[in-house]
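The values are calculated or read from the model by the stated rules, or taken from the named source; none is laboratory data. Just so it is clear, the structure is predicted and the values come from calculations on it, not from any experiment. With ideal geometry, Cβ positions are generated from the backbone for all residues, glycine too; neighbour counts draw on all protein chains shown.
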Amino acid sequence: MLNPFFQQGSKGEQSLVQSLINEQLKIYGVEVYYLPRIYATKNSAIKEVIESKFTNAYPIEAYVDSYDGYGGLGTLMSKFGIQEQDDLTIIVSKERYENYISPLIKNIPNIELSTRPKEGDLIYFPLGDRLFEIKYVEHEKPFYQLQKNYVYELRCELFRVEDEVVDTDVSSIDDNLIDQGYIQTLTLVGSAVTATAITGIAQTGGLRKIVLTNRGDGFTSPPRVAISSAPSDGQTAVGIATMISGLVDCYGSTADDKVQGVEIINPGFGYTVAPGISFVGGGGAGVAATTEIADGTIGIITVSDGGNGYSTAPLVTIAGPGIGTTASATALISSAGIVTSIRITDAGVGYTVAPTITIGSPSVGSSGNFIFNETVTGSASSTTAIVNNWDASTNVLEIKVVSGTFVVGENIVGSESGASRELRVLNTDDAVTPYAQNDVFESEADSFLDFSETNPFGNP
C-alpha cells in the first residue's frame, strides 16, 4: 500500500516536475524549429499523399539526446552515389508543444494531426544547419513519473527531399533544399533588348568572300579553314566552316556530312592576289573553295551589345558603300537568346568609311523575374514545376517537382510573379547532384559489359 501521507501524483507535484523539465530544456537545450507537414494533394482512391509542403516553422527548445554525435550509418557509398544517413534524437517538452505549437497549427488546412508531434514532420537543427524528418514519437518515456508523462522523444533521420516544397520564409531553413532533389534547368529568352555591332574597313586587298566549289563528304565536325598569309604589311584573313544538320540534297540524300559554307571572321587586308584556302580535319575529305579579294571591304564586325530576347537569329543589315557592292553577314545567338557574334558572308566592295550595322529586334517579348518556390506553368504543355532558382544574368531557371514535360518554344509563366519568358533550351539532366554519376557509370559499363539478349547476365 502506498504511503497515504504523500499524494503520489497531485497536480501540484506534476506541475513542479513539468516546470523543472521546462527550465532544464531552456538552460541546457538548443532552439530548433518544428515544421508541420501540410498535405497538399492526395490520391482520391487510396488516399496516398501525392504532394506535401512545409510553409510554417515554429521555434521550440529541445534537448539533444544523442550528445555524442549523429547516430545512424553516417556517410556511405551506395549504388545511388554518396549518401548521408544520420540520425538525431531530441526531447521536447510535452506542455510547451501542446500550449504553444498545437494551438498555432490546429486551424491550418490539411494538417492531419495537431495535438502532438507526428511522424513525417520536420525538425530544423540549426547547429548542423540540417533538416531531419521525424520517424517515431515516443511519448511514454520516462514512464509515468508521478502518474504523468512530460516530454516527447523525437527520433529523427536526415531528411531526403522528394516532391516536398519547403517555403517557410526563414532563409536558413529554405536554402537547405536548394541543392537537393531532382532539378532540371530551363534556358529562357531574356527581356527584349536589340543588339548592336560596329565594324571598320579594309582599304586595300581585303578578302571579300569564299565560295565553295566542292562540299566534300564524310565530315563528322566542321574542318579547320586555313587561308594563305597576307603580305608582311597586311593581315591574314580568318574564316570558319559551317555544317547544317538535317539538310537533304536534291536527290533525297542527307547532307549532314558535307561542308555547307565558309563564313569570314576577319577579312584581313593587304592581299594583292586571291589567297589560297585549304581545309584540315573534321574526319572528311574533298571540300574545296575559291576566294575573292577587293578594295574597300568591311573589317571585323564586333558585337558591342549582344542584346537579349532573341529566339531566332536576327537579320543583319549593313549600309551600302554608295558605289560598289553592299556587304552581308549573319548573326549567331546563344541558348540564352543573346547575339554572340556576327560572321561575314560578303565583305562588300568600295567602302571608304565604316558602314552602319543594324541588327533586327527580338521577335518575342519576355518580362519579369521568377520567385523562389513559386509554381510555373508551360503555356502550351500545361506542365507545372516549382522554382528552385532564377538567374536573370544567364536566363537560366532551375526547377523541381516537375509534373509533365515542357516544350521548347512555349512560354513559362510564374503564378505569383507573373513573369513570362519563352523556353529555348530544356535540360532534363539533374543540375546539382555531383556524386550520383549514374549516367557515367552506365556508359562506362556498356563499354565492357554485354547486356544483350544473347548475354543477359552481363558477363565480361
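Screening Tyr58 with (1) aromatic (Phe, Trp, Tyr); (2) at pLDDT 90 or above; (3) over 23 Å from Ser114 (Cβ atoms) gives one miss only, at (3).
Quick one: which residue in Tyr182, Tyr150 is touching a residue at least 24 places away in the same chain (Cβ under 8 Å), over 28 Å from Ser335 (Cβ atoms), outside the structural domain of Glu416 (by TED's automatic domain parsing) and of a type outside the set (Asp, Glu)? Steps first, please.
Values: Tyr182 fails: over 28 Å from Ser335 (Cβ atoms).
Checking each option against the conditions leaves just Tyr150.
Note on the stretch 355-397: residues that are under 15 Å from the mean Cα position of the chain (by Cα) and aliphatic (A, V, I, L, M) total 8.
The lone criterion from (1) under 27 Å from Ile333 (Cα atoms); (2) touching a Gly at 6+ places or on another chain (Cβ under 8 Å); (3) part of a loop (DSSP other than H, G, I, E, B); (4) among the aliphatic types (A, V, I, L, M) left unmet by Ile244 is number (2).
What are the residues in the stretch 224-243 that are among the small types (Gly, Ala, Ser), surrounded by 20 or more Cβ atoms within 10 Å (Cβ to Cβ), under 43 Å from the mean Cα position of the chain (by Cα) and under 11 Å from Pro275 (Cβ atoms), if any? Step through it out loud before you land on a result.
Pass one, the stretch 224-243, residues among the small types (Gly, Ala, Ser): 226, 228-230, 232, 234, 237, 239, 241.
Cutting the leftovers down to surrounded by 20 or more Cβ atoms within 10 Å (Cβ to Cβ) gives us 230, 237, 239, 241.
Keeping just the survivors that are under 43 Å from the mean Cα position of the chain (by Cα) gives 237, 239, 241.
Across the stretch 224-243, the qualifying residues are Ala237, Gly239.
Test Tyr144 against the stated conditions and say whether it is on the phi > 0 side of the Ramachandran plot and either aliphatic (A, V, I, L, M) or over 34 Å from the mean Cα position of the chain (by Cα) (or both).
On the way: on the phi > 0 side of the Ramachandran plot: yes; either aliphatic (A, V, I, L, M) or over 34 Å from the mean Cα position of the chain (by Cα) (or both): yes.
Judged against the criteria, Tyr144 is a match.
Screening Val407, Val353 for residues that are touching a residue at least 60 places away in the same chain (Cβ under 8 Å), surrounded by fewer than 18 Cβ atoms within 10 Å (Cβ to Cβ) and either of a type in the set (A, V, I, L, M) or in the same structural domain as Ser171 (by TED's automatic domain parsing) (or both) leaves exactly one candidate, Val353.
Scanning the stretch 396-406 for residues that are assigned to a loop (DSSP other than H, G, I, E, B) and over 14 Å from Asn427 (Cβ atoms) returns a single hit, Gly404.
On the stretch given as the stretch 131-145, residues that are crowded, with 17+ Cβ neighbours inside 10 Å and in contact (Cβ under 8 Å) with a residue 24 or more places away in the chain total 3. For the stretch 199-212, the criterion of being part of a strand (DSSP E or B), modelled with pLDDT of 90 or more, of a type outside the set (A, V, I, L, M, F, W, C) and surrounded by fewer than 22 Cβ atoms within 10 Å (Cβ to Cβ) is met by no residue.
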